[in-house]
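Read the structure below first, then the notes.
The values are calculated or read from the model by the stated rules, or taken from the named source; none is laboratory data. Remember, predicted model here, so these are calculated numbers, not experimental data. Positions of Cβ are backbone-derived with ideal geometry, glycine not excepted, and every protein chain shown enters the neighbour counts. Side chains included, ligands, DNA and RNA excluded: accessible areas come from the protein's heavy atoms. Shrake-Rupley method; radii C 1.70, N 1.55, O 1.52, S 1.80 Å.
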Amino acid sequence: MKKIFIGLIKFYRKYLSPLKGHATCKYFPTCSQYAIEAIEKYGVLKGGLLAVWRILRCNPFSKGGYDPVP
């Protein structure tokens, strides 16, 4: 399962993300890299939830900055 979800994230990064046409993520590591690291460390369920929470925090009102996987 991990490989499938990580593969989907990598597909997004390579083919879909460039279509957005704007600057990179305001967080470091980027949201997609964060998702990959979280899934590798915690598995699909917990890592996926951490990734979704990170994406929800990535909004115009967020300061961004350094936010590693716990």
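Observations on the structure shown:
- The length gained by stretching the chain between LEU16 and VAL52 to full extension, at 0.36 nm per residue less their Cα-Cα distance, is 11.2 nm.
- Mean-position separation - Cα centroids, region 35-64 and region 1-27, in angstrom: 13
- Note on the chain: Rg/Rh from C-alpha atoms, Kirkwood Rh, equals 0.96.
- Annotation: for a label point projected 7 angstrom from Cα along Cα→Cβ of SER62, residues of region 2-25 with backbone N closer than 15 Å are 23-25.
- Whole-percent carbon and sulfur share, accessible surface of the chain, 1.4 Å: 68
- Cross-link check: pairs LYS2/LYS46; LYS2/LYS63; LYS10/LYS46; LYS14/LYS63; LYS20/LYS41; LYS2/LYS26 evaluated at a Cα-Cα cut-off of 23 Å; pairs beyond the cut-off: LYS2/LYS63; LYS14/LYS63; LYS20/LYS41; LYS2/LYS26.
- Accessible area per residue for region 1-69 is 74 Å², calculated with a 1.4 Å probe on protein heavy atoms, without ligands, DNA or RNA.
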